[in-house]
Amino acid sequence: MARLDVTETFRQITFPGHLHTQESLRYATDFQFRDTDTLIVTYPKSGTTWMQQALTLLFSRGDATLAQSVPNWARAPWLEQYYCPEVLKAAQGPRIITTHLPHHLLAPALQGSKAKVIYVARNPKDVAVSYYHFHKMANFLPQPRSFAEFLDEFMAGTLHYGSWFEHVRGWTRTAKDNSNFFYITYEDMWQDLRGSLARIGTFLQCPLEAEELNSSLRHCSFSSMKDNAMVNYTQIPDEIMDHSKGQFMRKGKIGDWKTMFTVEQSQRFDQVFQSEMQGSQLSFVWGCPGHLEPVEPLETRTSVENPIVSVA
Ligand code: A3P
C-alpha cells in the first residue's frame, strides 16, 4: 500500500491515504472494544511512541524483549490504520491500541465500554514544530512550503488528523467523570518519568517492583529509544520516510518551539490558544526553566527557517 499522494477525507477530517482508507476508518469508528483493552490517544507528535513503549514495558513488567523485537505499530497498532485488523487478530493477552482520532469520531464506539483510555497531550507549540519536521521527512504527508504557512494551518486546524484544539478539548471534556480515563502530558513524562510510569502502572492496576520500574525507565529514555530500531522508524524505507531529511527521534525536548517561532507568531498563537481553550482547565508547560532559554533574545529574531539558536 503506497498511495503516498492520496488524502482520505473522513467526516471532514483528512488522513494520509498511505495508512488510511475509508474502510479502515469505518472499522475504527465501529470498533468493539473489550474491557481489557488499553487505548492510547494522542494528537500526532505528542508522545505517542513514548507511551507505546511505556505500556509495553509496564505490561511486560520491565522485560524489554518485546520492546526490542517487535515494532511499535505491531504491539500497539493504530486503530484507524489499514493493517490494524490483521495485527489484532494475532494479538494475545490484553491489547494495547493506539489512535489519533478525535473524540467525536470514537465516542460512540467507546460508549459503555470499560476499556482504559490514556490521553497524552503536549504543549501545542512543540507539537507544531515536531509535526512540521515530521512532514518534511514523511513522504506520505504533504510537503510544507514554509514553517509560517504550516503554522497557519496548524492554528486553523486544517492539517491531517484535524485540529489540535478540538482534539484536546474533545477528549478531556468528559474526563473528570470517567475513572477509566487517564490524562498525562509529554511534559509530565519528561520532567518525572519514574513518577509518571508509577502513576500509569497504578491506573492500569499493574504496579511494578523497583527493579521492573528501573528497567522500564531505561528502555523509555530518549537515548535508548533513539537507538531502538523497533521505535525509531529507521526500518521504514526512504521512499516512505526520508531519513536524510530528519530523524523520527528528533530532539525530545520541551520548549524547542523557541527555535522556530518568531515573536509575532508566538503572540498570535497565544491568542488563538486562549480563544480556542477558553473554559478549559488544562495548563501546559511551555519550556524548562534554565534549560532551553534562547541565547539570543527572541525579540531580535526574524528568520524562522534558520533559527539562530540550536538546542540540539
Ligand atoms: P520531537 O520531534 O520534538 O523530537 P509521536 O510519537 O507522537 O509521533 O511524537 C514524537 C515526538 O516525541 C518527537 O518529538 C520525539 O523525539 C519525542 N519522543 C519520543 N520518544 C521520546 C522519549 N523517550 N523522550 C522524549 N521525547 C520522546
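The values are calculated or read from the model by the stated rules, or taken from the named source; none is laboratory data. Quick caveat, the model's predicted, so the values are computed rather than measured. Glycine gets a Cβ as well: all are built from the backbone with ideal geometry, and neighbour counts include every protein chain shown. These accessible areas exclude ligands, DNA and RNA; they are computed on the full protein's heavy atoms, side chains included. Shrake-Rupley method; radii C 1.70, N 1.55, O 1.52, S 1.80 Å.
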* Structure fact -> Per the filter on the range 110-134, residues within 10 Å of the ligand (Cβ to nearest atom) and within 13 Å of residue 175 (Cα to Cα) are 120
* **Options 280, 216; residue that is of a type in the set (Gly, Ala, Ser), open to solvent by less than 70 Å² (accessible area, probe 1.4 Å), out of contact with any Pro (no Cβ under 7 Å at 6 or more places or on another chain) and in a helix (DSSP H, G or I)** => 216
* Output for the range 222-235, where each listed residue is buried (at least 17 other Cβ atoms within 10 Å of the Cβ) and under 17 Å from residue 19 (Cα atoms) -> 233
* Structure fact -> Selection from the range 238-275 of residues in contact (Cβ under 8 Å) with a residue 40 or more places away in the chain and more than 16 Å from the ligand (Cβ to nearest atom) yields 239, 262, 265, 266, 268, 269, 272, 273
* **Criterion violated by residue 38 - all others in (1) more than 22 Å from residue 162 (Cα to Cα); (2) within 13 Å of the ligand (Cβ to nearest atom) satisfied** => (2)
* Just need a number here: residues in the range 82-96 that are within 20 Å of residue 21 (Cβ to Cβ) and open to solvent by 10 Å² or more (accessible area, probe 1.4 Å). => 7
* **Within the range 97-154, considering residues that are open to solvent by 10 Å² or more (accessible area, probe 1.4 Å) and within 11 Å of residue 44 (Cα to Cα), the one farthest from the chain's Cα centre (by Cα)** => 134
* Those residues that are of a type in the set (Ser, Thr, Tyr), within 28 Å of residue 256 (Cα to Cα) and open to solvent by less than 20 Å² (accessible area, probe 1.4 Å), I need them from the range 6-58; list them, please. => 42, 43, 46, 48, 49, 56
* Considering (1) within 16 Å of the ligand (Cβ to nearest atom); (2) part of a loop (DSSP other than H, G, I, E, B); (3) over 22 Å from residue 184 (Cβ atoms); (4) not charged (D, E, K, R), say which one residue 101 fails and leave the rest. => (3)
